[in-house]
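See structure below.
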Amino acid sequence: MEQWNTQQQRARTWLEISIVLALSLGSSAIYSIVSLIRKLTTPEALNAQKTVINQPLSDQPIFDLVYQLLGIAFGLVPVVLVFWLLAKPGQSAFTQLGFNFKEPGKDLLRGFGLAAVIGIPGLALYLVGHALGITVTIVPTALDTYWWTIPVLVLAALRAALVEELIVVGYLFTRLRELGWHTWQIITASALLRGSYHLYQGFGPFIGNVVMGVVFGYAYQRWGRTMPLVIAHWILDIVSFTGYAAMKALVPGFLPGT
């Protein structure tokens with residue numbers, strides 16, 4: 001009976017993982033793989049094709065803003081679900097995942113450090129991959145320049161940081177540990193998942209995000225905190241999104257898609 005209960009619990013855990021990923025980044029990985037296959041079947045080389053990360057959702061500025069905010073808000077629902085699933089009597093999910101303000105100084109230093117370690121090599125890898133023709137031309141934002149553009153991009157960066165780090169690292173590490181996986185099995189699985197939902201950008205970003213996943217996974221294993229990972233990811237995306245938007249406004253035509 002005990003063995004049956006254990007098997008049943010493992011099956012329930014796998015089902016839960018499948019549902020969480022299907023509602024979030026697992027489905028993104030499937031769409032990303034299909035997108036890459038479609039790109040590879042066209043006559044154009046990958047570096048001649050373009051992908052836009054933050055796109056306008058309406059040609060009317062006010063409704064574009066409304067749709068952008070709605071997309072950000074609803075995009076965070078899987079994170080809320082994860083917190084609810086991980087909550088235990090007497091211990092919140094925030095504490096379990098190290099997503100709180102218990103160590104603000106350390107978290108900031110670690111976050112900026114991780115951003116520096118990942119950011120510069122990541123940009124170099126993108127440029128090399130693009131030159132080799134294995135990476136799509138990435139346009140971080142195609143939003144028009146409104147008063148709300150930069151704040152929305154900052155919020156979009158925060159959404160990406162929260163969803164990816166709290167689900168792909170915090171949640172997945174917790175559940176896979178409960179299933180008896182070893183540390184490097186978990187880090188590898190998490191890193192490959194991170195890379196897979198970036199495949200729509202080409203093979204270069206896939207490799208870069210797998211490396212990022214290994215670094216972030218190892219950092220989480222050592223520190224037991226997702227907060228530095230969220231901070232680092234937020235910084236990287238803010239620089240990418242708003243930096244592109246600023247150059248688009250200041251020097252039209254200098255960057256792809258401007």
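The values are calculated or read from the model by the stated rules, or taken from the named source; none is laboratory data. This is a predicted model, so every value here is computed, not measured. Cβ placement follows ideal geometry from the backbone for every residue including glycine, while neighbour counts extend to all protein chains displayed.
Pairs linking a residue in the stretch 168-183 that is over 16 Å from R10 (Cα atoms) to a residue that is β-branched (V, I, T), with Cβ atoms under 8 Å and 6 or more positions apart or on different chains, are V169/T226; G170/V82; G170/T226.
Would you call Q91 farther than 19 Å from Y200 by Cα and more than 20 Å from the chain's Cα centre (by Cα)?
Answer is yes for this residue.
Does P78 fit the bill of being in contact (Cβ under 8 Å) with a residue 24 or more places away in the chain and over 23 Å from A189 (Cβ atoms)? Against the criterion (in contact (Cβ under 8 Å) with a residue 24 or more places away in the chain and over 23 Å from A189 (Cβ atoms)), P78 does not qualify.
Scan the stretch 87-103 for residues that are exposed (fewer than 13 other Cβ atoms within 10 Å of the Cβ) and on the phi > 0 side of the Ramachandran plot and jot them down. Correct list: G90 only.
Here's the yes/no breakdown for (1) among the small types (G, A, S); (2) modelled with pLDDT under 95; (3) under 17 Å from V152 (Cβ atoms); (4) surrounded by fewer than 22 Cβ atoms within 10 Å (Cβ to Cβ):
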site	(1), (2), (3), (4)
V210	no, no, no, yes
Y218	no, no, no, yes
M227	no, no, no, no
W234	no, no, yes, yes
F241	no, yes, yes, no
K248	no, yes, yes, no
G253	yes, yes, no, yes
T258	no, yes, no, yes
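The set of residues in the stretch 31-51 being out of contact with any Leu (no Cβ under 9 Å at 6 or more places or on another chain), surrounded by 15 or more Cβ atoms within 10 Å (Cβ to Cβ) and within 19 Å of A160 (Cβ to Cβ) consists of T51 alone. Which condition from (1) crowded, with 19+ Cβ neighbours inside 10 Å; (2) among the small types (G, A, S); (3) under 27 Å from I72 (Cα atoms) is the one that A116 breaks? Here A116 clears every test but (1).
In contact with a Phe, Trp or Tyr (Cβ under 8 Å, 6 or more places away or on another chain) and either at pLDDT 95 or above or of a type outside the set (S, T, N, Q) (or both): is that true of S18 in this structure? No, not satisfied. Of the residues making up the stretch 171-195, those that are crowded, with 21+ Cβ neighbours inside 10 Å and out of contact with any Gly (no Cβ under 8 Å at 6 or more places or on another chain) number 2.
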